[in-house]
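The values are calculated or read from the model by the stated rules, or taken from the named source; none is laboratory data. All of these numbers come straight from a predicted model, not from anything done at the bench. FYI the Cβ positions are ideal-geometry reconstructions off the backbone, even for glycines, and counts take in every protein chain you see. With ligands, DNA and RNA removed, areas are computed over all heavy atoms of the protein, side chains included. Shrake-Rupley method; radii C 1.70, N 1.55, O 1.52, S 1.80 Å.
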Amino acid sequence: MVGKPAGARGFPCCSAGVEHPAQGYRAMFGWVQLVRSTDSPSNGTAFEMDPFLLFEDATSPYAFFGVKPMLFDAPSRGERSPLAWLAHCFLAQTPVEDTERHVVPLTGFSWGFDIDDTGRITPRSARALAPPDWDTHRPLLHRRHPGWSFSQWQPPERPDPFLRQARGAVGGRRSGLAGGGTGVGPLPGGPRVTPGG
């Protein structure tokens, strides 16, 4: 159903889209995704870049980029061994008027899943990320993408009238937001991440 083999059934997937009233360059954004997993080379002690499979050798930090881009991810494993898997997803923009490749974070959320020792998969609830979460990833982003610069995440002085909200959905089993709210957004008046149906 989501382009994965039958053995992936039961794993959660995530979709996050952008709603924006502008067109063209004013509506261009990107998604940066990093993953920490206990079956990675770091054994779950560090986050790693999570590029789209077809562009793993690309020099861009974005997993998805374009006009109102959709983030989609459907991780799975061949064996259902115990596993802890956590993603940090950030919506960002790269101003086209800049002469340098510059990533400006706007909002972010985390999601993931766990597999217990019986093979049961449990999705993690989506939750809002904050500027300190982004800051912990900036050293890795600089190392992996030296041709880019990565801004600190700071609330705007006034809301961008062209940036309304991002909507997210964690599928598989329904997964709501921690705290039971209808949406999360660390920037007042800025983009928001909300679970879909």
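Quick notes on this structure:
- For segment 104-119 versus segment 1-73, the gap between their alpha-carbon centres in whole angstrom: 12 Å
- Segment 73-122, accessible area per residue, ligands and nucleic acids excluded (1.4 Å, Å²): 44 Å²
- In loop segments of segment 1-75 as defined by DSSP, the trypsin sites (Lys or Arg not before Pro) with at most 16 further C-beta atoms inside 10 Å of their C-beta are ARG9.
- In Å², nearest 10: area of GLU97 left accessible to a 1.4 Å probe: 140 Å²
- Loop-located trypsin sites (Lys or Arg not before Pro) across segment 51-108 with a Cβ neighbour count of 15 or fewer within 10 Å are ARG77, ARG101, with loop assigned by DSSP.
- Taking 0.36 nm per residue of separation and subtracting the Cα-Cα distance, full extension of the segment from VAL2 to ASP114 would add 38.3 nm.
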